[in-house]
Amino acid sequence: LMSEFPNRIQSITARLDKVSIACDKLTRSASLKKVLMVILRTGNQMNAGCSKGGARGFHISTLQTLKSIKGKDRKVSLLQVIVTHIMDTDLKLANDFLDDVSPTAEANRVDPEGLRVDCAFLSSNLGFLKECLRMFTSPPKEA
């Protein structure tokens, strides 16, 4: 049991580091903010003249729909239009964005259930280990 703790702690730490690095990179990303602004502007242009035009923001779930929204020809998605626009107008933004989101690929491979199981294992056995350490480190009782 005690021999498993260091490996589990190291494994948990490594997985949490991947998620932390990705979150930090995204929250500090100027390119992500610019890409989100391009998406907002594109949506406002598409919705000009109706109640949804002139929006100041959008729900994060909207990002999932960009691939499924198709043009009149039903061949090109809104996502493809936005990517092409960014690639044609600001290649540096495209490269910066790809650099900023690259850590999310590793973070996405972190299994949250496996992390939960490992943390639960450590938590449930911590009391037992504390007692073992106390027994081994306390001075022997006099008879």
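General observations
- Count of region 55-68 residues, restricted to those that are free of Cβ contacts under 8 Å to residues at least 24 places away in the same chain and open to solvent by less than 60 Å² (accessible area, probe 1.4 Å), is 4.
- Picking from residues in region 92-143 that are surrounded by 10 or more Cβ atoms within 10 Å (Cβ to Cβ) and β-branched (Val, Ile, Thr), the one that is nearest to Arg15 (Cα to Cα) is Val110.
- Boolean, Ala48 is in a helix (DSSP H, G or I), small (Gly, Ala, Ser) and either without any contact (Cβ under 8 Å) to a residue 60 or more places away in the chain or closer than 19 Å to Asn108 by Cβ (or both): no
- Pairs linking a residue in region 79-106 that is of a type in the set (Gly, Ala, Ser) to a residue that is surrounded by fewer than 16 Cβ atoms within 10 Å (Cβ to Cβ), with Cβ atoms under 7 Å and 6 or more positions apart or on different chains, are Ala94/Met87.
- Evaluation of His59 against the conditions (1) more than 30 Å from Ile12 (Cβ to Cβ); (2) part of a helix (DSSP H, G or I); (3) within 18 Å of the chain's Cα centre (by Cα) shows that the sole unmet condition is (2).
- Residues satisfying the stated conditions in region 26-54, i.e. farther than 30 Å from Asp118 by Cα, open to solvent by 70 Å² or more (accessible area, probe 1.4 Å) and within 21 Å of the chain's Cα centre (by Cα): Lys33, Lys34, Met37
- Residue match in region 18-25 (condition: open to solvent by less than 50 Å² (accessible area, probe 1.4 Å) and touching a Pro at 6+ places or on another chain (Cβ under 6 Å)): yes
The values are calculated or read from the model by the stated rules, or taken from the named source; none is laboratory data. Because the structure is a prediction, the values reported are computed rather than measured. Cβ atoms come from the backbone with ideal geometry, glycine included; neighbour counts cover every protein chain shown. Surface areas here come from the heavy atoms of the whole protein model, side chains and all, with no ligands, DNA or RNA. Shrake-Rupley method; radii C 1.70, N 1.55, O 1.52, S 1.80 Å.
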